[in-house]
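Worksheet: the structure to be examined is printed underneath.
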């Protein structure tokens, strides 16, 4: 094998390797972009919505605490009304999440469990 043939073979091998590495890099970049798009379009809105649900639930817990500590019936009624309003807000937020942001059956199952857990918070029973 002549030196020119060896040189051509070496350069060809290097070029093929360069193309393979470049192609693999582009494929990995596309995969990463797909994952980031999923996070931006699905995960982050869900996290933000669930953060609002968590805040509403925390407000409701404080209202229940105040209701328990209230000494007079007027204050208890006021807190009960606030609890009802928070419960409606919580139900609305969970319904919005269910309609627009649930991505799979696991999300649906977890939402059902959360709904069951929130029921005992109501002052009516």
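The values are calculated or read from the model by the stated rules, or taken from the named source; none is laboratory data. Everything quoted here is computed from the prediction, not taken from an experiment. For neighbour counting, all protein chains shown are included, and Cβ atoms are generated from backbone atoms with ideal geometry for every residue, glycine included.
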Seminar exercise, completed: Among (1) farther than 26 Å from residue 100 by Cβ; (2) exposed (fewer than 13 other Cβ atoms within 10 Å of the Cβ), residue 47 falls short only on (1)
Problem set entry | Yes/no for residue 1 being at pLDDT below 90, surrounded by fewer than 12 Cβ atoms within 10 Å (Cβ to Cβ) and either part of a helix (DSSP H, G or I) or more than 36 Å from the chain's Cα centre (by Cα) (or both) | yes
Exercise. Is there a residue being without any contact (Cβ under 8 Å) to a residue 12 or more places away in the chain, on the phi < 0 side of the Ramachandran plot and more than 30 Å from the chain's Cα centre (by Cα) anywhere in the range 89-108?
Worked result: no
Problem set entry | Options 9, 75, 18; residue that is over 39 Å from the mean Cα position of the chain (by Cα), surrounded by 11 or more Cβ atoms within 10 Å (Cβ to Cβ) and over 24 Å from residue 103 (Cβ atoms) | 9
For this session: Would you check if residue 82 is surrounded by 15 or more Cβ atoms within 10 Å (Cβ to Cβ) and closer than 22 Å to residue 115 by Cβ?
Result: yes
Problem set entry | Residue in the range 63-70 that is surrounded by 11 or more Cβ atoms within 10 Å (Cβ to Cβ), in a helix (DSSP H, G or I) and in contact (Cβ under 8 Å) with a residue 40 or more places away in the chain present | yes
For this session: Could you tell me whether residue 58 is at negative phi, within 25 Å of the chain's Cα centre (by Cα), part of a helix (DSSP H, G or I) and surrounded by fewer than 13 Cβ atoms within 10 Å (Cβ to Cβ)?
Result: yes
